[in-house]
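Below: one structure, written as structure tokens.
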Amino acid sequence: MTGGRSAGWGAKRWVAGVSAVLAVAVAAWSAGGASAQEAGVTEIAGPPPTKQPPVGCSYRNDDGLHINTSVSKQVLLMYGSATDTISFSFRPSTKTEEIESVSIKGYKRAIITSVSEPEQTVVGNVGGVPVTNMTFTIGFDGTVGDTGYEVEVVTDADTYTMEGAYEVGGFVLVLDEKIVSGEEKDGLQLGDVVALVKKSLTECSMKWKTFGSVTPDVGAIQISFKEQEGSTFLKEVEYEDTCEVDGYVDNKLAPGCGVGFSPGGNAFAIKTSPYRCGYGQFFIHFTWPSVELNGEVFETVLIVKFDKSSPPPCVALGDTVEVDSSGGVVAVDMFNLLNPPQPSDVEKVILSYDGKSFDSNNGKSTLEQPDQKMVFEVSGGTSGEKYDATIECAFEDRTIEATYLGGKVVIDVTGEAGLPERKDLPERDGKIRVAVLIEFDRYDPTNYTVAVHNKCLAGFFEMLGGDADDYGLETVRQGSAIPVVLMYADDQEDYDAKVETLKADLAEESCKGQQAMDEPCDKVRFLESYIVASDGSGVSGDSGAAVASASGLATWSIALIAVLGALIVMLLIALALWAVYRRSAEQTESDYSTSGPLGVPDPDDLLYNESVVRDVYGRSNGAGPTPETAAARAREAELREEFPRPPSTSAASGRAETDDASSTYSGLMG
Ligand SMILES: *[C@@H]1O[C@H](CO)[C@@H](O)[C@H](O)[C@H]1NC(C)=O
Ligand SMILES: *[C@@H]1O[C@H](CO)[C@@H](O)[C@H](O)[C@H]1NC(C)=O
Ligand SMILES: *[C@@H]1O[C@H](CO)[C@@H](O)[C@H](O)[C@H]1NC(C)=O
């Protein structure tokens with residue numbers, strides 16, 4: 001026994017040794033030479049016990065009677081070892097016979113690992129022939145199982161022998177042919193963090209011995225974990241009470257169950273938690289009620305040690321943490337932040353996401369073994385965004401990024417989703433500014449949020465390169481949602497090239513842009529683009545790339561409205577002219593044939609020649625009526641004079657008005 005052993009276990013060992021002796025004394029010997037019987041006892045055959053020791057060797061039973069047949073004793077290999085004594089009386093044949101040697105022989109050295117020198121005490125005599133008490137201390141520091149032995153006394157006249165046997169109960173765990181279980185053993189020597197991440201499962205073979213006909217039930221073994229004195233159990237092995245003790249099946253342990261026996265009791269496996277290593281040692285403590293001796297139940301331990309040469313990483317357990325957009329608290333489960341296993345305690349942990357970093361609030365954090373929980377007070381972020389956080393651990397002499405177990409820590413920002421704000425692009429030397437209209441079918445301007453816009457920009461980064469500084473946002477227009485994204489181009493050529501790229505990548509068949517925007521292929525499309533005037537106010541050029549969308553209130557439609565406005569002004573002028581004309585027509589009815597009907601100017605007329613617009617009937621130069629149809633139309637016009645069409649002044653309906661007029665005109669033509 002060494003000084004390091006806990007008092008409790010030492011005491012138990014002592015009790016075990018005593019109980020083994022008692023077992024023999026009570027069960028075997030008090031049986032008074034009867035034959036084999038229940039567990040804990042032995043076949044005893046031969047002459048009945050006698051008061052006087054017979055010639056040769058004899059054991060003594062509780063009643064002080066002597067017996068020289070073989071006895072079998074039981075011992076528990078408590079905490080991997082046991083001691084017992086073999087003592088017997090020796091009576092030589094004659095007074096003068098000299099003892100030359102006394103020894104124990106013929107035992108299995110894997111089970112009986114040590115035999116002391118005999119203590120020889122003369123305890124009396126029979127008719128002058130001395131009787132000597134011979135006592136050996138037997139050590140069991142190996143495996144479990146059965147072994148016989150023989151005591152042998154050699155004198156100058158003869159050799160005397162007597163047999164005995166031991167049953168050593170319990171179990172041992174064996175790795176690479178070495179017994180690793182037990183208090184005095186080296187235990188499991190596991191590798192460092194690198195080795196264990198590569199191979200975390202270690203399998204030991206198991207050898208067991210139960211007494212009598214008791215079938216071993218390894219499922220009944222009770223397992224607990226204890227730190228070695230002065231050390232810390234860092235939860236290197238995960239184990240819950242709900243784990244099946246005999247859960248090592250098909251070379252696998254259940255998740256969260258880091259140790260287990262195979263159901264038949266052939267093997268024991270231990271699986272370390274990834275990265276939880278690097279310091280000290282701990283014990284796995286086993287109690288096995290199936291192996292019991294006089295009320296004492298078998299117990300043992302397995303010492304587990306790690307290679308400490310490389311300090312383990314600081315480890316963060318991956319998780320998704322919801323944070324309000326206005327800020328909140330993020331708590332991250334971590335381990336390996338303290339000494340041990342680190343050379344020093346962590347000073348702070350830094351959490352970064354979305355370009356911002358936050359130091360841990362150590363006061364609010366749980367910096368205890370074996371697990372730590374680090375708390376950060378963060379400023380939030382964009383609603384609807386999910387950020388992969390980076391976690392760094394700052395120790396005295398080094399700052400290392402955490403190893404993420406089970407994925408990264410994701411900051412999921414909740415709360416009222418903000419809408420993207422207008423962002424002007426500042427002028428840049430040698431650059432022109434361009435507006436690009438992209439249509440998103442799945443949104444409208446009320447739910448085209450910052451998060452969605454960021455996805456849109458991510459698409460631009462992917463298609464054209466650049467970063468947030470290279471893009472602006474003029475507005476988000478109605479028509480599903482149509483962000484007007486501002487960006488730079490070097491010149492017209494560069495502009496054309498960029499537009500071509502956007503068109504190609506946002507084509508449904510390509511879908512490259514949509515993928516980068518995390519949108520379905522058919523739900524995002526390029527609408528049009530234009531060059532922004534140097535004062536940033538509007539359009540100064542067009543790439544001619546417009547792809548009109550019925551739903552888009554695009555630039556071309558604004559231009560159309562402007563043109564229609566001009567048309568209406570001209571129409572009013574035309575009406576005024578018509579009024580003047582009518583008055584003169586009333587005076588000279590026959591003049592109408594030289595002038596257009598209803599005040600439309602003649603083809604030589606300045607207004608007609610320049611005719612930017614159509615008249616209310618949609619006519620313009622080049623499409624004027626022939627003289628024949630003009631006459632027919634004039635008649636119809638006379639009929640209509642009673643109900644002249646009022647000119648429309650509504651800009652919104654301007655286009656429809658023109659279309660109506662055109663169809664009227666076509667109808668007349670037909
Ligand atoms: C055991 O003792 C009896 C007498 O009690 C004797 O006859 C016998 O030879 C002894 N056996 C041995 C193995 O010494
Ligand atoms: C021999 O002596 C030991 C202690 O001195 C005692 O426990 C044991 O019972 C003795 N054995 C015999 C056979 O007399
Ligand atoms: C955005 O709002 C529109 C109109 O309310 C709705 O049809 C659409 O499903 C919304 N989109 C998303 C992604 O919530």
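The values are calculated or read from the model by the stated rules, or taken from the named source; none is laboratory data. What you see is a predicted model; the values in this text were computed from it and never measured. Glycine gets a Cβ as well: all are built from the backbone with ideal geometry, and neighbour counts include every protein chain shown. Ligands, DNA and RNA are excluded from the accessible area calculation, which covers all protein heavy atoms including side chains. Shrake-Rupley method; radii C 1.70, N 1.55, O 1.52, S 1.80 Å.
General observations
- Taken over the range 67-93, residues that are among the aliphatic types (A, V, I, L, M) and free of Cβ contacts under 8 Å to residues at least 60 places away in the same chain amount to 1.
- Pairs, first more than 16 Å from ligand 2 (Cβ to nearest atom) in the range 426-443, second among the β-branched types (Val, Ile, Thr) and open to solvent by less than 10 Å² (accessible area, probe 1.4 Å), C-beta under 6 Å, six or more apart: 435/484; 436/485; 437/482; 437/484; 439/482; 440/524
- For the range 398-442, residues that are among the small types (Gly, Ala, Ser) and surrounded by fewer than 14 Cβ atoms within 10 Å (Cβ to Cβ) total 3.
- Options 392, 385; residue that is acidic (Asp, Glu), in contact (Cβ under 8 Å) with a residue 12 or more places away in the chain and within 15 Å of residue 414 (Cα to Cα): 385
- Only listed residue being open to solvent by 20 Å² or more (accessible area, probe 1.4 Å) and small (Gly, Ala, Ser), chosen from 273, 262, 310, 360: 310
Yes/no matrix, rows are residues, columns are (1) surrounded by 15 or more Cβ atoms within 10 Å (Cβ to Cβ); (2) without any contact (Cβ under 8 Å) to a residue 40 or more places away in the chain:
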{"position": "153", "(1), (2)": "yes, no"}
{"position": "156", "(1), (2)": "no, no"}
{"position": "162", "(1), (2)": "yes, no"}
{"position": "167", "(1), (2)": "yes, no"}
{"position": "170", "(1), (2)": "yes, no"}
{"position": "175", "(1), (2)": "yes, yes"}
{"position": "181", "(1), (2)": "yes, no"}
{"position": "187", "(1), (2)": "yes, no"}
{"position": "193", "(1), (2)": "yes, no"}
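- Taking the range 70-148 as the region of interest, the strands (runs of 3 or more DSSP E) fully inside it that hold 2 or more residues being surrounded by fewer than 18 Cβ atoms within 10 Å (Cβ to Cβ) are 82-91, 99-105, 119-126, 129-140.
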